[in-house]
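Asks: Here it is, the structure, as C-alpha cells.
The values are calculated or read from the model by the stated rules, or taken from the named source; none is laboratory data. In this text the structure is predicted, and so the values were computed from the model without any measurement. Heads up, the Cβs are rebuilt from the backbone with ideal geometry, glycines too, and the neighbour counts pull from every protein chain shown. Remember, those area values only see protein heavy atoms, side chains included, never the ligands or the DNA or RNA. Shrake-Rupley method; radii C 1.70, N 1.55, O 1.52, S 1.80 Å.
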Amino acid sequence: MIVLISACSSSKKTTKTTDAPQQPASQTTQQPQPSQKSQSSQISQPSQSQSEFRAAWVATVSNINWPSRRGLTTEEQQREAIQLLDFLQSHNFNAVIFQVRPQADALYQSNLEPWSYFLTGKQGKAPDPYYDPLQFWIEAAHDRGLELHVWLNPYRAHSPAGGEVSNTSLVKKKPELVVKLKDGHWWFDPSKKGTQEHGMAVVMDIVKRYDIDGVHFDDYFYPYPTYNGNADFPDSGSYKEYVDKGGPLSLGDWRRNSVNSFIESLYKNIKAEKPYVKFGLSPFGTWRPGYPSIVEGFDQYNQLYADARLWLNEGWIDYFTPQLYWKINSPTVSYPVLLGWWSGENKKDRHLWPGMSVGRDTTQANATEIMNEIMVTRGILPKSSGEVHWSIGSLTKDSNLAKAIVEGPYKKQALVPASPWLDATAPDAPQATTSLEGDSLRINWTHANELDVFRYVVYYQYAGKWNYTILNRHDRTYTIGRNKLTGLGITAVDRTGNESQWTNVKF
C-alpha cells in the first residue's frame, strides 16, 4: 500500500504492468486463480463471477414483440430493436432468442426464402432503406454482451396471420412439400425428404453466413391438433408410400422418426460447421402424461410426435428449454416437480434452462412467482443454472417484474455457463496496464487473440471484499476508485463460456 499512497499524493500519471500470468485455469471451471502478491501483501482469492443463462424470447410472428407493427421504417425498426436490447443489458440478461423464420420467410437476406410479411407488410419485400435485420441484431446484441440465438420454426410454412399466400411463398414454390390445415395454416410434411433437405439448408445457410451464438427451435413439430380441427394430420399419402415400400414402423413411430432424424442430423451438421454454435430446443413442458406421475393432460409424444426426452437423453442438443409455464404449487404440472424430472433425464449433462411464463398480469404476486421459480431453478440446477422468459414483452410491459428481477436475482451480472463438450480450452489471459488519474485508476488491456474473446471480467477488492464487473467485446478500459482498493485482476471469456486464468494487475 506504500506505493499506492505515494502515488495518490502526485498528480502525475504513472503506469504499471500486469504480473506474468500463471498456468491456464482448469478447462472446465470458471473459478479464477489466486493472485500473486500485489504490493506488499498476499491478495486473497477473488470470488467467482456468477454463471447463469438469462435470456428472453423476441417473437416476430404476428408482430408479438418486434417490430411492433408491419411496415415501420428502417430507422423505426432499428430504434425498437435497440430499446429491447438496451432493456436486456440494463437488467443484466446475457442472451436473446430472436425469431428470424416465423413462417418459412426470413428476417434476413436469404436466397432460399422470401423476406418476411411481418417485417414490411408484404412477403418478399426488403426493408427500404435496405438493411439486414439479423445482422443488425447480432452486432447490437454482441456490443451489449448478449449472445444472439436465432429462433426458427422448422415446419410452419404459412400462418393465417401472415397475410395472403404470395407468389414468393414456399407454399407456391414447393407445393409438393406442404399440406393445408383446417384453420388456415400450411404445414411442411415432416416425413418428406424435401422438407428435411430444405429445413437443413435454411438453418445451415444462417450458421455459415452469420456470427450467431445459437440455433433454437420451439414446440412446433407436427402441429397441435386444434390447427386441423382435431382431425389427423393429412399425410396418409406419404405414409402409404412408406408402407408400400416395406416400411415396418407404425404411423406414430414413423412420424416421430422423421422428426428425430432431422434433429440428430441438424445437430451434427451445426457442429461440423461451427462447433461453438449451440443448438437449443424448447419443447412442450411435459413429455407424456404420467411422467412424472402427477402429470395429466397433453401428450406431445403422441400428438406433436416430438420425442423430446429422446433428444435430451441422446445429447442431440446443447441446451434444453422445456416450456414450464406453470406455477410452483400447481397440483398436476408443478414447476419444480417437472424441472426435477427433466433433470433426471439429462443423461448427457447438457444445459437445462427452462422456459418461464406464469401470466400476463402485472401484480406483485406474479413477480413473486417468477422470482421464486428462478430461485428454485438455482437450487435444482446449481452447476448450470438459467432460464428463458416468455416473452420479452412480459418484462418490458411489467415494471413490477422488471424491477423485481434486476433488484433481486439478476442484481449482479452473470456469464453464460460454459459448455465443455463444445470447447474446454480457456482463452489466453489478457495483458493490462493501469494509469493513475486523480482519485481514480484506469485499467487498459489488450489480448493476443481478440477473436477468441467475447467478454472480459474485471475483479476488484475493496477493504478485503471482492466484486467484479463483466465488460463487452470492444471494451478495453475500465475506471475504478482508488480509495481502499486492495486487489485488482482481469480475465478473458470465450464464446463458449471458458474463462481464462486470473491476471493480477499491479497498481
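Asks: Considering only residues that are modelled with pLDDT of 95 or more, open to solvent by 10 Å² or more (accessible area, probe 1.4 Å) and in contact with a Ser or Thr (Cβ under 7 Å, 6 or more places away or on another chain), which ones fall in segment 24-66?
Replies: Of everything in segment 24-66, those that are modelled with pLDDT of 95 or more, open to solvent by 10 Å² or more (accessible area, probe 1.4 Å) and in contact with a Ser or Thr (Cβ under 7 Å, 6 or more places away or on another chain) turn out to be Val61, Ile64, Asn65.
Asks: Next question, about the same structure. Output yes when any residue across segment 416-426 is among the acidic types (Asp, Glu) and more than 20 Å from Asp86 (Cβ to Cβ), and no when none is.
Replies: Checking segment 416-426: at least one residue is among the acidic types (Asp, Glu) and more than 20 Å from Asp86 (Cβ to Cβ).
Asks: Can we say Ile392 is within 24 Å of Gly355 (Cβ to Cβ) and modelled with pLDDT of 95 or more?
Replies: The answer is yes for Ile392.
Asks: Being more than 24 Å from the chain's Cα centre (by Cα), under 25 Å from Pro102 (Cβ atoms) and at pLDDT 95 or above is the requirement here; does Phe221 meet it?
Replies: No.
Asks: Which residues, taken from segment 468-485, are touching a residue at least 60 places away in the same chain (Cβ under 8 Å), of a type outside the set (Ser, Thr, Tyr) and touching a strand residue (DSSP E or B) at 6+ places or on another chain (Cβ under 9 Å)?
Replies: Ile470, Leu471, Asn472, Arg473, Arg482, Leu485
Asks: What tally of residues in segment 205-255 results from selecting those that are in contact (Cβ under 8 Å) with a residue 24 or more places away in the chain and among the polar types (S, T, N, Q)?
Replies: The number of residues fulfilling the criteria is 3.
Asks: If you check every pair at least six apart or on different chains, which have Cβ atoms under 8 Å apart with a residue in segment 103-121 that is at positive phi first and a residue that is hydrophobic (A, V, I, L, M, F, W, C) and assigned to a helix (DSSP H, G or I) second?
Replies: Ala104/Leu170; Ala104/Val171
Asks: For the subset of segment 347-382 comprising residues that are of a type outside the set (Gly, Ala, Ser), part of a loop (DSSP other than H, G, I, E, B) and open to solvent by less than 30 Å² (accessible area, probe 1.4 Å), which member is modelled with the lowest pLDDT?
Replies: Val358
Asks: Same structure, new question: Restrict the check to segment 424-436 and report whether at least one residue is in contact with a strand residue (DSSP E or B) (Cβ under 7 Å, 6 or more places away or on another chain), open to solvent by less than 10 Å² (accessible area, probe 1.4 Å), in contact (Cβ under 8 Å) with a residue 60 or more places away in the chain and outside any strand (DSSP E or B).
Replies: Checked segment 424-436: at least one residue is in contact with a strand residue (DSSP E or B) (Cβ under 7 Å, 6 or more places away or on another chain), open to solvent by less than 10 Å² (accessible area, probe 1.4 Å), in contact (Cβ under 8 Å) with a residue 60 or more places away in the chain and outside any strand (DSSP E or B).
Asks: Looking at segment 439-454 only, could you name the residues that are touching a residue at least 60 places away in the same chain (Cβ under 8 Å) and open to solvent by 50 Å² or more (accessible area, probe 1.4 Å)?
Replies: Asp439 - this is the single residue of segment 439-454 that is touching a residue at least 60 places away in the same chain (Cβ under 8 Å) and open to solvent by 50 Å² or more (accessible area, probe 1.4 Å).
Asks: Here is a follow-up. Need pairs with beta-carbon distance below 9 Å; first residue on the phi > 0 side of the Ramachandran plot and within segment 71-100, second assigned to a helix (DSSP H, G or I); sequence gap 6+ or separate chains.
Replies: Filtered contacts from segment 71-100: Gly71/Leu119; Gly71/Thr120; Asn92/Ile405; Asn92/Val406.
Asks: Tally time: how many residues in segment 383-411 are assigned to a strand (DSSP E or B) and either without any contact (Cβ under 8 Å) to a residue 24 or more places away in the chain or charged (D, E, K, R) (or both)?
Replies: Total meeting the criteria: 1.
Asks: Can you tell me which residue is least open to solvent (accessible area, probe 1.4 Å) among those in segment 296-305 that are touching a Phe, Trp or Tyr at 6+ places or on another chain (Cβ under 8 Å) and in a loop (DSSP other than H, G, I, E, B)?
Replies: Among those residues, the one meeting the criterion is Leu304.
Asks: Can you name the number of the only condition in (1) on the phi > 0 side of the Ramachandran plot; (2) part of a strand (DSSP E or B) that Gly487 fails?
Replies: Every condition holds for Gly487 apart from (1).
Asks: Turning to a different aspect of this structure: What pairs can you find where one residue is in segment 320-334 and free of Cβ contacts under 8 Å to residues at least 40 places away in the same chain, the other is part of a loop (DSSP other than H, G, I, E, B) and open to solvent by 20 Å² or more (accessible area, probe 1.4 Å), and their Cβ atoms are less than 6 Å apart, with a gap of 6+ or different chains?
Replies: Correct list of pairs: Thr332/Ile294; Thr332/Glu296.
Asks: Still on this structure: Within segment 151-164, track down each residue that is of a type outside the set (S, T, N, Q), farther than 30 Å from Ile470 by Cβ and either open to solvent by 10 Å² or more (accessible area, probe 1.4 Å) or touching a residue at least 60 places away in the same chain (Cβ under 8 Å) (or both).
Replies: Answer for segment 151-164, where residues must be of a type outside the set (S, T, N, Q), farther than 30 Å from Ile470 by Cβ and either open to solvent by 10 Å² or more (accessible area, probe 1.4 Å) or touching a residue at least 60 places away in the same chain (Cβ under 8 Å) (or both): Pro154, Tyr155, Arg156, Pro160, Ala161, Gly162, Gly163, Glu164.
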